[in-house]
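Trainee: Here it is, the structure, as C-alpha cells.
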Amino acid sequence: MITRPSTSRILEDVVDEIMRDIMPSITDPAQQIRLHMLTIVLNNCANASEREISVMREEIPVYLSFASDVAAATGDADVATAAEAAQMGESLVLSDVIADYQRASRAFSTAMDLVMDTVNRDFINRGEDILRTRMANERAILSGVSAVGRSAS
C-alpha cells in the first residue's frame, strides 16, 4: 500500500522498480545507459513535482508587483492591463497555477520590455534580480538535484 500517494512517490517507486527488477536483466551496455538516462528524467520529474506549485505561487506576486510598479511609474496602459489580467487565483490544481503563472509571466515580460526600451536602470536592475531568482528556482526544480539513486525517504 502506498502511504504517501504523491506524484513524486509514484515516480520514485517506478525508478526503484526499474533499478531493482529491470536493470539487472539488461546486459547490453548501451541499453543500460539509456535506462539510466530515463531514470534520471523520472527523478527530475519527481523533484519538480515536489516544488513546482509552491515556487510558481511564490513567484507570481513578485511578477505582478513588478508589473504594477512599472505601470504606476510609467502610466503604460499595456503593462497595467497585463498586470490586472494576471491576478493569482486560489486554486492549487497544477493546470490552474500554471495558467496564473503564465499570465503573471506575460505581465512581467510586458513590463520588462518597456523598461528595457526606456532604459530605466532602477527597474532593469530590479527585473534582472527577479530573473536571477527565477533561474535559480528553475535550476533547483529541474536540475535533478537528486540523481540516479534518489532516496525515497
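Trainee: Using alpha-carbon pairs under 8 Å, 6+ residues apart, how would you state the relative contact order of region 1-114 in percent?
Mentor: Value for region 1-114: 25 percent.
Trainee: Extension gain Arg121-Leu94, at 0.36 nm per residue separation less the Cα-Cα distance, in nm?
Mentor: So the extension gain works out to 6.2 nm.
Trainee: What dipole magnitude, in Debye to the nearest 20, does region 7-142 give about its Cα centre under +1 on Lys/Arg Cβ and -1 on Asp/Glu Cβ?
Mentor: Magnitude of the dipole: close to 260 debye.
Trainee: Using helices alone, I'd like the mean residue ellipticity at 222 nm for the chain: each DSSP H run of four-plus residues gives -39500 (n - 2.57), total over residue count, nearest 500.
Mentor: Computed mean residue ellipticity for the chain: -25500 deg cm²/dmol.
Trainee: To the nearest 10 degrees, how steep is helix 94-118 against the longest Cα principal axis of the chain, on a 0 to 90 scale?
Mentor: The angle comes out near 40 degrees.
Trainee: Using only the alpha-carbon atoms, how far is helix 29-74 inclined from the longest principal axis of the chain? Give it as 0 to 90 degrees, nearest 10.
Mentor: 20
Trainee: So for the chain, taking the charge dipole from beta-carbon charges (+1 Lys/Arg, -1 Asp/Glu), which of Ile124, Asn137, Phe108 sits furthest toward the positive end?
Mentor: Of the options given, the answer is Asn137.
Trainee: Now for a separate question. If one takes the longest principal axis of the Cα atoms in the chain, at what angle in degrees, from 0 to 90 and to the nearest 10, does the Cα axis of helix 121-142 lie?
Mentor: It is inclined by approximately 10 degrees.
Trainee: So, R0 is 41 Å and r is the distance between the beta-carbons of Ala77 and Ser6; what FRET efficiency does that work out to, to 0.05?
Mentor: 0.40
Quick note: the coordinates plus some simple rules give every number you see, no bench work behind them. Values in this document were obtained by computation on a predicted structure and should not be read as measured data. Using ideal geometry, Cβ is built from the backbone for each residue, glycine included, and neighbour counts are taken over all protein chains shown.
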